[in-house]
Amino acid sequence: MASSNSTVGAALPDPSEWNTGLAVELEPLVRRVLAPNPSPYTFNGTQTYLIGRGRDVAVIDPGPAGAGVAGHADTNGDGHVEAILKAIAGQTLIAIICTHTHRDHSPAARPLKAATGAPIIGCAALAIEDSGAGQGVRADAEFDPLYAPDRVLGDGDQLAGDGWTLEAITTPGHTSNHVCFALLESGALFTGDHVMGWSTTVVSPPDGDMAAYMQSLSKLQAREDLVYYPAHGPAVTKPQQFVRGMIGHRRQREAQILRLLGETPATIPGMVAQMYKGLDPRLTGAAGRSVLAHILDLETQGRIAQVPHAGEQQWTLIG
């Protein structure tokens, strides 16, 4: 199952334009291989990036595992591992890098490691317990519980290959273990699900944290990256402007919640109905998780409070 990445029902592009399974060159050091897992949450699929055209190559976000490869079955990823291996034939895979451990990003790391012997490097493992707090399915249902990195990269840690250098930029918020990777030679930043080119990102408590997410956005806005390559959607060619818009969008959502709660106490489903008109019904739960993340942040700030209610949880404005 793909991660709940989107809160808008953006239309999927023409399948003939997807180039699923093909290695497409984006710039001299970067190629992309698209996994065959399109959905309302993943847009046209998970984009796996191949770094390096010389002796050494790294893979960022290997994606869902493909059925029949090293015993790992995942029908959403059929053929993707084979496509990666075909694209890097003749090179040495020296690192399998994961931005975070949602199931559309990290499971293919295991069959890739089995096939090549390359280490799994990048984000930390993440195991959480969550009942869903009454707001839908378990928040950990879409994490990859078998992810086991050989090396975890902290903020500023670097990994180098033949003609390329990647630097880890920790960006908690979407998940607590989320990491972006900067390609120092070109000014590109691989943003995983922290910044996507087609939609906003779900921040799902208890692991997803809105305050941390906003801080991570500000961290990226202060950088001078030239282009973002997200795991879903097109490249972002004006990164600072794009991130500024994302921060503004989140502030607008926060203001909507405060306005609604200033009028009357409300539940999360009630707020979602008011805030996300025309939303694809399949994404209602994901939208609710992001609203919950805003609510928890506003509670911490002392601006809203939960009120007694016989049914679902309700909140109201303080003061």
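The values are calculated or read from the model by the stated rules, or taken from the named source; none is laboratory data. If you're wondering where the values come from, they're calculated on a predicted model, not measured in any experiment. Positions of Cβ are generated from backbone atoms using ideal geometry, with glycine treated the same way; all protein chains shown enter the neighbour counts.
A few notes on this one:
- Restricting Asp157, Asp150 to those that are closer than 19 Å to Gly192 by Cα and modelled with pLDDT of 95 or more reduces the list to Asp157.
- Taking the listed residues Leu261, Leu226, Leu220, the one that is modelled with pLDDT of 95 or more, touching a Ser or Thr at 6+ places or on another chain (Cβ under 9 Å) and surrounded by fewer than 18 Cβ atoms within 10 Å (Cβ to Cβ) is Leu226, with no other qualifying.
- Taken over the stretch 255-314, the criterion of being touching a Leu at 6+ places or on another chain (Cβ under 7 Å), among the small types (Gly, Ala, Ser) and closer than 30 Å to Pro40 by Cα is satisfied by Ala266, Ala287.
- Across the stretch 217-241, the number of residues qualifying as among the polar types (S, T, N, Q) and touching a strand residue (DSSP E or B) at 6+ places or on another chain (Cβ under 6 Å) comes to 1.
- Test result for Ala212, farther than 22 Å from Val59 by Cα and surrounded by fewer than 22 Cβ atoms within 10 Å (Cβ to Cβ): yes
- In the stretch 203-280, counting only helices (runs of 4 or more DSSP H) that sit wholly within it, the ones holding 2 or more residues that are touching a residue at least 40 places away in the same chain (Cβ under 8 Å) and hydroxyl-bearing (Ser, Thr, Tyr) span 210-221.
- Residue check for Gly197: over 17 Å from Asp155 (Cα atoms) and either of a type in the set (Gly, Ala, Ser) or without any contact (Cβ under 8 Å) to a residue 40 or more places away in the chain (or both): yes
- Qualifying position, being touching a Cys at 6+ places or on another chain (Cβ under 6 Å), assigned by TED's automatic domain parsing to the domain that holds Thr42 and crowded, with 19+ Cβ neighbours inside 10 Å, among Thr175, Thr171, Thr201: Thr171
- The stretch 10-34 residues that are at pLDDT 90 or above, paired with ones that are in a strand (DSSP E or B) and among the small types (Gly, Ala, Ser) (beta carbon under 6 Å, 6 or more apart): Arg31/Ala23; Val33/Ala23
- The set of residues in the stretch 239-258 that are farther than 30 Å from Val227 by Cβ and crowded, with 21+ Cβ neighbours inside 10 Å contains only Ile257.
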